[in-house]
Amino acid sequence: MIWDTLFIMPFLSGFLVAAVLSVFGVLLRLRDEWLAALGFAHLAGASALIGMAVHIPAVFSATFGAVIGAIIKTISHFRGGTVYALMILAGWSITLLVAANTRLGGSLGHAMVEGQLYFLGFSHLMAATMLVIVMAVGLYWLMPIVIRHRLFPGQDAANQRPTWRWRLAFDLITGLSMAIATATVGLMAAFALAFIPPWIAFRTAKNWRQTLIISFCFGMVGYIASFVLALWLDQPFGPVLVALLLIAAIILHVVDRRHCVIERPLKVGRSKDRWKVEK
Amino acid sequence: MPQPLLIADGLVTGYAKPVIGPLSFAIQPGEVVGLWGANGCGKSTLLRAIANKARIFTGSLKQRPGLSLAWQMQQPVRLDEMPFNGHDYLRYAQANRSTPPNRMALWLDQRIDTLSGGQFQLLAVWAMLGRQADLILLDEPTNNLDPEGQQILAEILKAVQGVSAVLLVSHEYRFLEHACHRVINIAKSSPPN
């Protein structure tokens, strides 16, 4: 059934989005900004719904909302996760109010939260392809900068180099990817793809390259399995993806913890204590 | 005589209020200078002022035009999860490093969040000294180091002499005397014998 032409376009759109999110999520986690993914997803969901209410394609209106969110995040001076919490609350409130006050609003709201993967069209595939291109170029430029700034903060200030350009670019790419992902696979599935594969990769990888590969593979396997399973069992795609990723993550987390107790050294201490076995 | 990299003249610096000063000194290219003072006397604030992270109240701090700086903070960033090994860390530090000290070579394949505090400190300092900036600021690089670690640190500091200038803050006077060309005393109290 998966090879039915009806499902090829949705499958490819989701495939590209899953690939992007599982890699980009690694940078979000490194910056401790994984909650941003949920914030942008909520904003994108709300603006997509507003767009659909006035007959604008969701993928465009979602992107517009997320870009506005990215600009606000960059120029605002909220500390910690405050700005993400505000995005989530605003997105949730707007989504439900629009859903309650427009014809078909309720079903559109459900589609946004659960994901409407099987009803995607050519515009979604084009948007996902564009996202892959933007992400490939953006990551090539941004990844070393983001890592350097995370591991060695202060070097830019010491050398009087402005940081707003790459910060804004990073926020715009976050907003763009979450907007297209939300309009493609749904709000929670988009967040799960940006959060769970990087979480597992951060725990298990031995170096940075492996982190990217593990996260990518975990996200792709999760996506393909969910797509097939949701079709086979006639279930909504988003919840199936989230459930599968969660189950796999919990199993790996438990296995990894047992592994850590035996082999992982103590974090701080003299070198002779490093291989002490924790009980 | 070459142009100094940095000249502080009657410098008073701090944050909301002045913390340290007035201070006057100059750093020449390639020299390793120690900055000694008791805990809380404002040594780190002085480095932060050079790194444009603290406010200058009076006096001046002149940098040579085009000066490149590298700044090792008192607590190098150590995240709960750091899926980077030593090679990754050096690469992203933009450190030009090929042959590590013997003891350190064993750690480079490990994830850096599995290194001990002392191991990580040495790696971080070695990475920063490999950046080949004109002036490298090191804030308490002897933190977490055992005597053997301090010996390695002194050796890698000797290796950069004449290549990059280093301004090194520490409260360990003997280490500074051993590892630096000269020591600037900014404490109100006298250094220990």
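The values are calculated or read from the model by the stated rules, or taken from the named source; none is laboratory data. Quick caveat, the model's predicted, so the values are computed rather than measured. Note that each Cβ is placed from the backbone with ideal geometry, even for glycine, and that neighbours are counted across all protein chains shown. For the accessible areas, the whole protein counts, side chains as well, though only heavy atoms, and no ligand, DNA or RNA atoms are used. Shrake-Rupley method; radii C 1.70, N 1.55, O 1.52, S 1.80 Å.
Below are the figures for this structure:
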read-out: Dmax and Rg, reported as Rg then Dmax, of the stretch A:5-273 (C-alpha, Å); value: 19.1, 69
read-out: Relative packing of peptides B:165-172, A:148-155, A:192-199 - highest average C-beta neighbours within 10 Å first; value: A:192-199, B:165-172, A:148-155
read-out: Buried solvent-accessible surface, both chains (A, B), 1.4 Å probe, Å² to nearest 100; value: 2900 Å²
read-out: Where the stretch B:6-185 is the region considered: accessible area per residue in Å², 1.4 Å probe; value: 40 Å²
read-out: C-alpha long axis of helix B:117-129 to longest principal axis of chain B, angle in °; value: 70 degrees
read-out: Percent carbon-and-sulfur accessible area, the stretch B:6-185, ignoring ligands, DNA and RNA, probe 1.4 Å; value: 47 percent
read-out: J(HN,Hα) series, the stretch B:168-177, from Karplus relation 6.51 cos²θ - 1.76 cosθ + 1.60, nearest Hz, glycine and proline x; value: 10, 9, 7, 9, 9, 4, 5, 4, 4, 4
read-out: The stretch A:129-143-the stretch B:1-20 distance, computed between alpha-carbon centres (Å); value: 43 Å
read-out: Carbon/sulfur fraction of accessible area - the stretch A:5-273, other protein chains in place, 1.4 Å, %; value: 72 percent
read-out: log₁₀ of I(q)/I(0) at q = 0.11 Å⁻¹ - the stretch A:129-271, Debye sum with one point per alpha carbon; value: -0.56
read-out: All-pairs Cα distance distribution in the protein assembly as shown, expressed in whole percent, bin size 20 Å; value: 22, 44, 27, 6, 0
read-out: Projected area, mean over directions - the stretch B:30-118, Cα convex hull, nm²; value: 8.6 nm²
read-out: Tail beyond 18 Å, pair distance distribution of the stretch A:164-225 (Cα, percent); value: 46 percent
read-out: Dimensionless Rg over Rh [the stretch B:6-185; C-alpha; Kirkwood]; value: 0.97
read-out: Proximal aspartates and glutamates relative to B:Lys53, as straight alpha-carbon distance under 15 Å, when same-chain residues fewer than 8 apart are discounted; value: A:Asp156, B:Asp139
